[in-house]
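Visitor: This structure is in C-alpha cells; I'll ask about it shortly.
The values are calculated or read from the model by the stated rules, or taken from the named source; none is laboratory data. As the structure is a prediction and not an experimental result, all values here were calculated from the model. For neighbour counting, all protein chains shown are included, and Cβ atoms are generated from backbone atoms with ideal geometry for every residue, glycine included. Note: accessible area is taken over every heavy atom of the protein model, side chains too, but ligands, DNA and RNA are not part of it. Shrake-Rupley method; radii C 1.70, N 1.55, O 1.52, S 1.80 Å.
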Amino acid sequence: MGIGSYDLVVVTAIALPAPATALVGRAAELATLTSAVTAAGTRLVTVTGPPGVGKTRLALAAAAAVADQFPGGAVWVDLAPVREARLFLGEIARALGVNRSAEEPALTRLVASVAERDVLLVLDNCEHLLEALPELGTLLSSSPRLRVLATSRERLHLAAEREFAVPPLPMPSEADVGDLDRLRGNAAIALLLARAPAHVTLTGRTARSLAEVCVRLDGLPLAIELAAARLRVFTPSELVFRLEHPMALLIGGPRDGPGRHRDLRAAIAWSHDLLPAGERATFRRLSVFVGDWTVSAADAVCGDPATGGVIDAIESLLDKSLIRRAVGEDGDARFGMLMSLREFAAEQLELHGEVADTRARHTRYFAAAARRCEATMGTNEETATWPRLGVMHGDLIAAFIDSRAGSYVDETLWLATGLGWYWYTRGSLADAAGLIDVVSAVAGDPSSSPDACAAALIAGGIVALGLGHLDTAEDLLLRSAAISATSDDERRLAIVSAFRGHVARGRGRSEDAAERYATARSIFESAGNARGTAWAAHDLGLLATELGDPVDAEALLREALRLFRSLEYDWAVAVSARALATVLLHGGAVDEPARLLGEALLLHDGVGDRRGIAQCFEALADVAFARGALSTAGRLLGAAAAQRDAVAARPTDAEQARLSVLASTLVHTLGRTGADHEQHAGRTMPSAAAVALAAGVAAAGEIVAEPDAVGLTPRQLEVAALVAASNTNRQIGRALGISEKTAEIHVGNIMERLHAPSRAGVASWATAHGLKPPRKGFPVYPSPPRPRRPDTRHR
C-alpha cells in the first residue's frame, strides 16, 4: 500500500470535535441521517451536497447523536489536509490510534484493529481521494462491525454506499414575509438570526430584507453564516444591495475554522480545482444561463467543437453537486446552478476570455427558441409554449440585452417577440414598456428579415394595447399586417385582425371591432383552427357585453369556454370563465359566477398572471358585496389595485366605470373612513393572503346568512345594529339597559353565529341587511331586502 504497517496497539483515538455553535434548521435532516446510520445492514452512508451546504456540520451532529450506540466509539478523520491517495489509510490508522510497524501490510493491520470493535468511522471530505476509496471498500467488507459515515461532494461509488444528499435550507416565500411567526420558523431565517449580532431582530421593517438575503444566497448555510457576520456593519437592506456580488462580500469566517470555510470563494474553489479541464470549461460556460437549462441548450451554448458534446460533463458535475436537477414545468429534464456557484463560474469564464463567444452562442440559441415559440401562436400547439416561455424568460431577457449590445438585428426581434407575448399573457406589462420603442426602431432596420419584423411588430402591438397606448398599438399592428399580406401569412393576419378589434373596442368603435373579430373568426375557421375560433368567440362575447346584449354575450362566452376546456388551454379557460362570470353577475346571478371566478383565480394564480388575478379580485368583490360581506368587498378592491400597480395593468374604461360604482357604494355603506380602511388593508395584504381571501369568497355558497337563517334573537339583532353604529360594549349596555359584560357576551355569540372574525364583520352584516339602532321602546327587525344596484353601473 505504500504507507508502511501498524502494530495492533490501540492508543487514544481521535474523538469527535466539539462544534463552536449549535446546528440550526436541520432537525429533519439530522433525524433522517441518524436513522440511516444506525439502520440494520447499513455499512456506509455518504453525505453529499454542494459546497457550503453544511455536510461536515450535519455529519458531526449525527455522529455525536449516535456515538453512544457504538461501544468502540465514533472516530473523526479530517481528510482535507491529506493531499495524496497513498496517505489515506495512514490517516485512518492515526485517527484510530494504531501504532506503526514494519511487519504487516497496513490494510491487514487496520482490519485487525477494528475487527472486534463496533466503531463509527467518520470520514470528512473524501472527494479529492477517490483513487484510494477501493481500500475503504476492502476495509468495510473485511470488518463487519465497522460503520462509516462519510462526507463528499460526490458519491464514492462503493458497493455498500447509501447516499444522503443534503439540500440547501428551505427559503422563505412571499407568504412567509407577511407573517412574522411563519418567517421566524423558516430554517434559513432562523440560521441568519442565530449567527447575526444581537441587535439584528426580525420585525415588520426588517422581514423582507432578511428574507431577501436568504433567497439571494439560495439557502446555502455557509453563505448565510458569512452574510450574518456582515450585519455587524450593514443594515439588512444595505446587505441585500451589496449581495449583487456575494463573492467579494462573503469572506472573513472564523479563524479557527477550516480554510475552505472562511470565505465562499475558497469553498467553491476547493471543488472546482478538483475538476478535469473539460469539466471546468463546461462549468464556467454554464454560468451564462440565468435560469434552468436543458441538455440540448447546454450542448448548443457550452459544447466544444473540438471535444464534442457536454453530456458526460453534465453528468459528472451533477454527481459532484456543482449543478442540480431542476423540476421543469414543460416536461423537459432541466438543470440549474446555485447563484454562488454561478458567480464563481462567471469569474472563471471571464478569466479564460470566453465571455463574448459564449454569450453570442447563448443569444443565438434563445433567439431561435423564441422564433419556434412564436410559430405556435394562434395554433393548437400554443398551450405547450407558455410553460417553455415561463422557464426561459430570464434567459430571454439576458439574451435580449446582449443582442442590443451587439449587431444582432433579427435576434433582437425574435427575442422581443418571445418576451412580448410572455409579458402580455402573464400581465407583467411594467416589464414590457421599453419593448415597444425597440421593436419599432429595429423593425425598420434594412438588414432585418420580413419574418422577424412581422412577428415582432405584433408583439409590440399587443404590449402597447395592454398598456393602453392604442395609437401605437394600431400603428405597429398595421405595419405587421402589411408585411404578412405580401406573404399570405394567414395565421398572423388573423392575429392582427383580432388585436385590431381590441383596439377598435377600446376606442368605442363597436362596428369596426365586430368586423375585425368576424374576419379573424373566418380565417381561423377556414384553417380548421379550433383555438383561434375559440378566441374569436371570446372576443365577440366581450363586445356583446359592452353593447348591452347579455344573451349573445353569454352564448358566445359559453362557446369559447367549452372550446378552451376541450383544448385543455388553462389560461384561456381562466380568461373566458372570468368574462362569463362578469356577464352573469350583471344579470343578477351570484353562485355560478362565484364558482367560475374561483376556477379562474386558481388558474391565473397558477401561471402568475397578476393582471388576471386583479380582475378576479374585482369581480369577486362584486360577489362579496352581493352577499353582504362589505368589508371583504373593500379588501378585495384594495388587493386588486395592488396587483394592478405591481404590473402597470391599468383597468380599461369599462372596468374603471364598474370599479368606481362599487367603490362609491362601499363609501355610502361603510362610510369614507371604513371604506378607506378596508381598501388600505387589502392593498397591504400579502398576495397569498389576498388570494386565499378571494378563494374563500368564491367557495362559499353564502358568505353571510339572512337574518332569519342565522337564528339571532331580537336582543341580538339590537346588539348587531348598535355594533354597526360604532357603539362600544359599554354604550350598547347603556342603550339597552344591560351590563357591559352582558353586551360583550352578546357580541361574542353573534360573531360565532355569523362566523364573523371581528366586530367589523358583524357591522358589515348588519348594514347589509338594513338593521337600524333601536328607538326607545321599539325592537329591531331587518328591513326589507335592498334592491340590487341598477345594471347601469355595468354598461
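Visitor: Take the solvent-accessible surface of the protein heavy atoms, probe 1.4 Å, and return the percent of it on the chain that carbon and sulfur atoms account for.
Guide: About 53 percent, which is the carbon plus sulfur part of the accessible surface.
Visitor: Mind checking the angle between helix 133-142 and the chain's longest principal axis? C-alpha axes, 0 to 90 degrees, to the nearest 10.
Guide: 80 degrees
Visitor: Taking a ≥ b ≥ c as the square roots of the eigenvalues of the Cα gyration tensor of the stretch 413-529, is the shape rounded (a/c under 1.5), prolate (a/b larger than b/c) or oblate?
Guide: Oblate is the answer for the stretch 413-529, as a/c is 1.5 or above yet b/c matches or exceeds a/b.
Visitor: Here's something else I'd like to know. Where does helix 221-230 land angle-wise versus the long Cα axis of the chain, in degrees 0 to 90, nearest 10?
Guide: On a 0 to 90 degree scale, this one is about 80.
Visitor: By its C-alpha gyration tensor, with a ≥ b ≥ c as the square roots of the eigenvalues, how is the stretch 148-194 shaped: rounded for a/c under 1.5, else prolate for a/b larger than b/c, else oblate?
Guide: On the way: a/c = 4.58, a/b = 3.34, b/c = 1.37.
The shape class here is prolate.
Visitor: Report the antiparallel proportion of the DSSP beta bridges in the chain as a percent, rounded to a multiple of 5.
Guide: Beta bridges within the chain, antiparallel portion: roughly 30 percent.
Visitor: Could you derive backbone 3J(HN,Hα) for the stretch 122-128 from the dihedral phi with the Karplus parameters 6.51, -1.76 and 1.60 (θ = phi - 60°), listing whole Hz in sequence and x where the residue is Gly or Pro?
Guide: 9, 9, 9, 6, 9, 4, 9
Visitor: I'd like the FRET efficiency for THR138 and THR379, computed as 1/(1 + (r/R0)^6) with the beta carbon distance as r and R0 of 56 Å, rounded to 0.05. Mind showing how you got there, number by number?
Guide: Numbers: r = 62 Å, r/R0 = 1.10.
After rounding, the FRET efficiency stands at 0.35.
Visitor: Further question: Go through VAL551, ALA80, ALA368 and say which Cα lies farthest out towards the positive end of the charge dipole of the chain; charges sit on Cβ, +1 for Lys and Arg, -1 for Asp and Glu.
Guide: Farthest along the dipole direction, towards plus: VAL551.
Visitor: Only Lys, Arg, Asp and Glu count, each charged at its Cβ (+1, +1, -1, -1), so figure out the dipole size of the chain about its Cα centre, rounded to 20 debye.
Guide: Using Cβ point charges on Lys, Arg, Asp and Glu, the chain gives about 2700 debye.
Visitor: In percent, what relative contact order does the chain have, based on Cα pairs under 8 Å that are 6 or more apart in sequence?
Guide: Values: 1300 pairs, mean separation 57.3, N = 795.
Rounded, it is 7 percent for the chain.
Visitor: Placing +1 on the Cβ of each Lys and Arg and -1 on the Cβ of each Asp and Glu in the stretch 78-230, which of LEU149, PHE164, ALA228 has its Cα farthest towards the positive end of the resulting dipole?
Guide: With unit charges placed on the Cβ atoms, the residue in question is ALA228.
Visitor: Please list, in order along the stretch 659-672, the HN-Hα scalar couplings obtained from phi with the Karplus expression 6.51 cos²θ - 1.76 cosθ + 1.60 (θ = phi - 60°), rounded to whole Hz, x for Gly and Pro.
Guide: Each residue's phi maps through the Karplus curve to give 5, 5, 5, 5, 4, 5, 5, 5, 4, 5, 8, 9, x, 4 Hz.
Visitor: If packing is taken as the average count of other Cβ atoms within 10 Å, what order do 408-421, 372-385, 587-600 fall into, highest mean first?
Guide: Most protected by this proxy first, the peptides run 408-421, 587-600, 372-385.
Visitor: Compute the long axis of helix 687-699 from its Cα atoms, compare it with the longest principal axis of the Cα atoms of the chain, and write down the angle in degrees, 0 to 90, nearest 10.
Guide: So the helix axis and the longest Cα principal axis differ by about 50 degrees.
Visitor: Ordered by packing density, taken as the mean number of other Cβ atoms within 10 Å over each peptide's residues, highest first, how do 439-445, 239-245 rank? Could you put the intermediate results ahead of the total?
Guide: Working: 439-445: 18.3, 239-245: 15.4.
Averaged packing, sorted descending, gives the order 439-445, 239-245.
Visitor: If you don't mind, there's one more thing I want to ask. In whole Hz, what ³J(HN,Hα) sequence does the stretch 618-628 give by Karplus (6.51, -1.76, 1.60; θ = phi - 60°), x for Gly and Pro?
Guide: Each residue of the stretch 618-628 in turn: 5, 5, 6, 5, 4, 4, 4, 4, 4, 8, x Hz.
Visitor: Further question on the same structure: Compute, for the stretch 181-229, the length of the dipole vector about the Cα centre, with Cβ point charges of +1 (Lys, Arg) and -1 (Asp, Glu) only. Units Debye, rounded to 20. Don't skip to the answer; put the middle values down first.
Guide: On the way: 6 positive and 4 negative charges, 32 e Å.
For the stretch 181-229, the charge dipole is close to 160 debye.
Visitor: Could you list, bin by bin from short to long, the percent of Cα-Cα pairs of the stretch 512-557 in 10 Å steps?
Guide: Reading upward from the zero bin: 33, 51, 16, 0.
Visitor: Could you state the accessible area per residue of the chain in Å², with a 1.4 Å probe and every protein chain left in place?
Guide: 43 Å²
Visitor: Which of rounded, prolate or oblate describes the stretch 553-627 when judged by the alpha-carbon gyration tensor and an a/c cut-off of 1.5?
Guide: Oblate, because a/c is 1.5 or more while a/b does not exceed b/c.
Visitor: Can you tell which of SER340, SER321, ALA482 lies farthest toward the positive end of the dipole of the chain, using +1 and -1 charges on the Cβ of basic and acidic side chains (Lys, Arg; Asp, Glu)?
Guide: SER340
Visitor: Among 25-35, 281-291, what's the highest-first ranking by average C-beta atoms within 10 angstrom per residue? Don't skip to the end; give the middle numbers.
Guide: Details: 25-35: 16.3, 281-291: 23.8.
Ranking, from highest mean packing down: 281-291, 25-35.
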